[in-house]
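**Q** Dumping the structure here so I can ask a few things about it.
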Amino acid sequence: MSRNIELEEALKAWISQVMRFSMRGFIEFANNNKLSMPQIAVLFWLSGDRRCAVTELGEEFGVSGAAASQMVEKLSQMGFIERLEDANDRRVKRLFLTQKGKDIVERSIEARQEWISHFSEIFSSEEAREATALLGEFRARAMKLARSDSACAEHQERKATISNSDN
C-alpha cells in the first residue's frame, strides 16, 4: 500500500489543532477546580465503578505508596473518592468514586469537548453532512485498523508463547 503523505500531513495538523482545543478546555477546567493532572488521571482511572486499593493505584501510576496515599487523601478530602473495607479482607481499603467524583469526571469531559459545538456552528448544512460522512468513513477505517492491529498482536503473542514452550 502506498503512503498518502498529503493526507498524513493534513491529519497530523488537524489532530494537533484538536488537541490544542481539547487540552485548553481540560486544563482550564482542572485549574478552576484546583485539580492536578495526576489527580484527574486517578479519577478517570477509578471511573466506571472500578475499585482498587491504594497500593494498586501506586503501582498503576508508578508512584510510591506514600505518594499514592497522599493523592488519595487529598481527593478524599475534596469528596471525590471514598475508602471502604474490602469485603474479603478487612485490612484492605478499596477506593471508589463518590457521586461528586463521577460528576467531576463527566464535567471534565464536557469541558474538553465544549469547543466542538462552537466549531460545528461554522459549517453550512451541506458542509456538515459532507464532513459527517467523511468522519464516519475515517472512524470505520480506524476501527478496521485497530482490529487488524489487535489481531496481529494476538498472533505475535501466540507465536511467542509457542516458541517459548518449545524451549
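**Q** Which one of I116, F26, L46 is farthest out on the positive end of the charge dipole of the range 1-128, using unit charges on Cβ (Lys, Arg +1; Asp, Glu -1) and the Cα centre as origin?
**A** L46
**Q** Continuing with this model, one more query. Among the lysines, which have Cα under 23 Å from the Cα of K144 when same-chain residues fewer than 8 positions away are ignored?
**A** Within the straight-line limit of under 23 Å, K144 reaches these lysines: K12, K159.
**Q** Still on this model: Taking the Cβ of each residue in I81, I122, I27 as the centre, tally the other Cβ atoms inside 10 Å and list the residues starting with the fewest.
**A** Taking fewest neighbouring Cβ atoms as first place, the list is I122, I27, I81.
**Q** HN-Hα J couplings of the range 76-87 from phi, Karplus 6.51/-1.76/1.60, θ = phi - 60°, integer Hz, Gly and Pro as x?
**A** Karplus values, whole Hz, x for Gly and Pro: 5, 4, 7, x, 8, 9, 10, 10, 10, 5, 5, 5.
**Q** At a Cα cut-off below 17 Å, give the aspartates and glutamates reachable from K100, other chains included and same-chain residues fewer than 8 away excluded.
**A** Qualifying aspartates and glutamates at Cα under 17 Å: D49, E73, E82, E110.
**Q** Post the alpha-carbon centroid distance, the range 1-55 to the range 118-143, in whole angstrom.
**A** Their Cα centres are 21 Å away from one another.
**Q** Additional query: I'd like to compare 31-44, 4-17: which one has the highest average count of other Cβ atoms within 10 Å, and what's the full order after that?
**A** By packing density, highest mean first, the sequence is 31-44, 4-17.
**Q** For a quick check: with amide H placed at 1.01 Å from N, whose amide H comes under 5 Å from V92's, ignoring anything fewer than 5 positions away on the same chain?
**A** Residues meeting the criterion, in which the H sits 1.01 Å from N, are D86.
**Q** Here are a few candidate values for volume of the Cα convex hull per residue in Å³: (1) 208; (2) 102; (3) 249. Which one was actually calculated from the structure I just gave you?
**A** (1)
**Q** Sequence gap at least 6, Cα distance under 8 Å: using those rules, report the relative contact order of the chain to the nearest whole percent.
**A** Relative contact order here is 22 percent.
Read-outs: derived from the displayed coordinates by stated rules, not from any lab. Here the structure is a predicted model, which is why all the values come from computation and not from measurement. Neighbour counts are summed over all protein chains in view; Cβ atoms, including those assigned to glycine, are modelled from backbone coordinates with ideal geometry.
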